[in-house]
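Accompanying notes for the structure given below.
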Amino acid sequence: MGTWDTGHFDNDTAADFADALDDAEPAEREALIRGVLTRTVDAAGYLTEAEEAVAAAALIGAQCPGGEPIDSPYGPESTMPVFPADLRTLADDALARIISDEAGPASNWVDPGDWKQWQTMLNRLRAVLAPTPPSLSLFDIEP
């Protein structure tokens, strides 16, 4: 796999996933994203689709409050559908699996500084994907 930076789409696999999204019919794009995230969450052993799952999570995160737009030349050129709210949780779960798997995507970078930078980017993305907890009022707290 070719990796040239630590961004969401800065590797061959994620760039190929972006191309697949561009080639898909608009109505099929959500299913492609849901599929890669579900397979990553459910995977046993090596996470074979981790790079695609990161890219998918970034596309979902771009639609969340505080999310960063996808401005990578390697990301999809097509407009993505508005994703349902349940994909936020699925994307966060996939990222949690990826972050905990240092033998997977981390092995693609020789320099440990790159892994730390990538992990920081994933944690920022998880913070955007995390649903905002409902706020408590003083009337909701029992004495």
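Net charge dipole, region 13-131: roughly 520 debye, given to the nearest 20, about the Cα centre with Cβ charges of +1 for Lys and Arg and -1 for Asp and Glu. Overall, region 1-45 carries a charge dipole of about 280 debye about its Cα centre when +1 sits on the Cβ of Lys and Arg and -1 on the Cβ of Asp and Glu, all other atoms neutral. Net length available on complete extension from R124 to T79 is 13.9 nm, with 0.36 nm assigned per residue and the Cα-Cα distance removed. Packing, as the average of other Cβ atoms within 10 Å across residues, places the peptides 116-125, 2-11 in the order 2-11, 116-125, highest first. Residues of region 76-97 falling in the label zone of A27, defined by backbone nitrogen less than 19 Å from a point 7 Å along Cα to beta-carbon, are 79-84.
A short reminder: the numbers here are calculations on the coordinates, not readings from a lab. This one's a predicted model, so the numbers in the text were calculated from it and none came from an experiment. Cβ: placed from backbone, ideal geometry, glycine included. Neighbour counts: every protein chain shown.
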